[in-house]
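Below you'll find the structure I mean.
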Amino acid sequence: MTIAGEISLQATPFADEFVDVAALNAHISTYLLDRVESVKGAAQTDETVPSKAIAVLGPAGGGKTHLFSRLSHQSGSRPTLVLLRPYFGVNVTLRDVLAAVIDQLCLPVHGDDRTQLDVIASHWAPEGDVERGVRAVVSLLPEIAPAAHLARTLLELRGREPSTTWADLAWLSGREPRATTADGASASALSEGDVLHVLRIVAVLAAPVAPVVLTFDQLENLAGDDDARVLGYGNLVSEIVDSLPCL
């Protein structure tokens with residue numbers, strides 16, 4: 001078999017073409033879809049639900065990544081699916097999680113020309129009423145009131161030309177400092193506290209429309225001479241579940 005042939009046998013979670021066997025791991029995908037719907041239903045009545053960690057264990061080739069592809073092709077649920085795969089010798093932080101989430105929000109919705117961010121912003125700021133959306137988010141997350149400008153910047157990205165959004169997206173994803181603020185003053189990169197604020201805001205914004213599903217795949221790559229990276233991932237997941245709603 002050629003290298004290309006071997007690669008083609010591996011799971012491709014974001015492939016447009018998808019062959020599914022509904023019976024494969026059906027009990028797990030049903031559980032995951034029910035969880036997405038319960039988060040969405042609660043959020044539509046202005047409730048927030050705690051985040052939850054779900055472990056799916058199985059041998060290589062058992063269909064774990066296939067579950068991710070199945071979720072991405074479920075037309076009725078439309079979750080915001082974020083795939084995080086650890087590389088050898090590299091630890092993942094909340095900032096890395098935020099960057100992956102923002103990247104996914106900027107991709108088109110499956111079967112739609114709009115991005116996830118467009119869909120979410122349309123729900124919270126109908127007819128472009130961004131301030132209404134910001135007030136609604138702050139009412140659900142009072143602790144982010146000092147950082148309400150972060151929610152405002154996210155909602156204001158809807159409908160803008162892509163070329164005018166890169167700087168804001170790089171800043172909101174925690175990758176780069178923002179060169180200037182609206183009043184021309186200099187600004188720095190997101191602090192660790194603001195990284196947590198943006199993740200909280202995104203989780204609540206997405207919940208009633210397209211709940212965020214964080215998927216940590218290929219965790220066998222964490223194996224090493226000690227357990228430091230395994231513990232690091234465990235601590236990261238614990239921080240997400242304890243600190244962020246609706247995931």
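Just from the alpha-carbon atoms, what are the Rg and Dmax of segment 194-247 in angstroms?
Expressed in Å, the Cα Rg and Dmax of segment 194-247 come to 13.5, 43.
Determine the percent antiparallel among the DSSP beta bridges restricted to the chain, to the nearest 5. Walk me through the numbers on the way to the answer.
Details: 3 of 8 bridges.
About 40 percent, rounded to the nearest 5.
What ranking, highest mean first, results for peptides 134-140, 149-155 when packing means the other Cβ atoms within 10 Å averaged over each residue?
Numbers: 134-140: 17.6, 149-155: 21.0.
The most tightly packed comes first, giving 149-155, 134-140.
Could you compute how much accessible surface R178 exposes when probed at 1.4 Å, giving the result in Å² to the nearest 10?
Around 50 Å² of this residue is reachable by solvent.
Also, I was wondering about something else. What percent do you get for the relative contact order of the chain when only Cα pairs under 8 Å and 6+ apart count? Spell out each step's value before the answer.
Details: 296 pairs, mean separation 71.8, N = 247.
Result for the chain is 29 percent.
Hey, if you drop one equal point scatterer on each alpha-carbon of segment 83-141 and run the Debye formula without solvent, what base-10 log of I(q)/I(0) do you get at q = 0.23 Å⁻¹?
Log10 of I(q)/I(0), two decimals: -0.96.
What is the distance, in nm, between label points placed 7 Å from the Cα along the Cα-to-Cβ direction at H149 and at D112?
Each label point lies 7 Å from its Cα, and together they span 3.0 nm.
Also: Considering only protein heavy atoms and a 1.4 Å probe, what is the carbon-and-sulfur percentage of the accessible area of segment 26-110?
Working: 2490 of 4360 Å².
Ligands and nucleic acids excluded, carbon and sulfur reach 57 percent.
Still on this structure, please answer the following. Over the chain, give the accessible area per residue in Å² for a 1.4 Å probe, as an integer. Don't skip to the end; give the middle numbers.
Details: 13230 Å² over 247 residues.
Counting only protein heavy atoms, the per-residue value for the chain is 54 Å².
Ok, one more. Leaving ligands and nucleic acids out of the surface, order D34, D20 by accessible area at 1.4 Å, largest first. Don't jump to the answer; show the numbers that get you there.
Values: D34 95, D20 65 Å².
Listed by decreasing accessible area, they come as D34, D20.
Apply the Kirkwood formula to segment 74-175: the hydrodynamic radius equals the inverse of the mean of 1/r over all pairs of different alpha-carbon atoms; give it in Å with one decimal. Don't jump to the answer; show the numbers that get you there.
On the way: mean 1/r = 0.0670 Å⁻¹.
Its Kirkwood hydrodynamic radius stands at 14.9 Å.
While we're on this one: Using label points projected 7 Å from each Cα along Cα→Cβ, tell me how many nm separate W166 and V19, to one decimal.
3.9
Between the DSSP loop rule and a limit of at most 15 other Cβ atoms within 10 Å, which chymotrypsin sites (Phe, Trp or Tyr not before Pro) in segment 86-147 are left? Intermediate results must be reported in sequence, preceding the final value.
Numbers: sites: Y87, F88, W124; in loops: Y87, F88.
Answer by residue number: Y87, F88.
Could you tell me the extents of the chain's C-alpha atoms along the three principal axes, largest first, rounded to whole Å?
The principal-axis extents, from largest down, are 60, 41, 35 Å.
With the Cα gyration tensor of segment 122-173 giving a ≥ b ≥ c as the square roots of its eigenvalues, does the rule (a/c under 1.5 for rounded; else a/b larger than b/c for prolate; else oblate) give rounded, prolate or oblate?
Details: a/c = 3.30, a/b = 1.38, b/c = 2.39.
The shape class here is oblate.
Would you please put 209-221, 50-62, 21-33 in order of how densely packed they are, using the mean number of other Cβ atoms within 10 angstrom per residue and starting with the highest?
Numbers: 209-221: 18.7, 50-62: 11.1, 21-33: 13.4.
Per-residue Cβ counts within 10 Å, averaged per peptide and sorted highest first, yield 209-221, 21-33, 50-62.
The values are calculated or read from the model by the stated rules, or taken from the named source; none is laboratory data. The structure presented is a predicted model; accordingly, all values stated were derived computationally and were not measured. Positions of Cβ are generated from backbone atoms using ideal geometry, with glycine treated the same way; all protein chains shown enter the neighbour counts. Quick note on the areas: whole protein, heavy atoms, side chains included, nothing else; ligands and nucleic acids left out. Shrake-Rupley method; radii C 1.70, N 1.55, O 1.52, S 1.80 Å.
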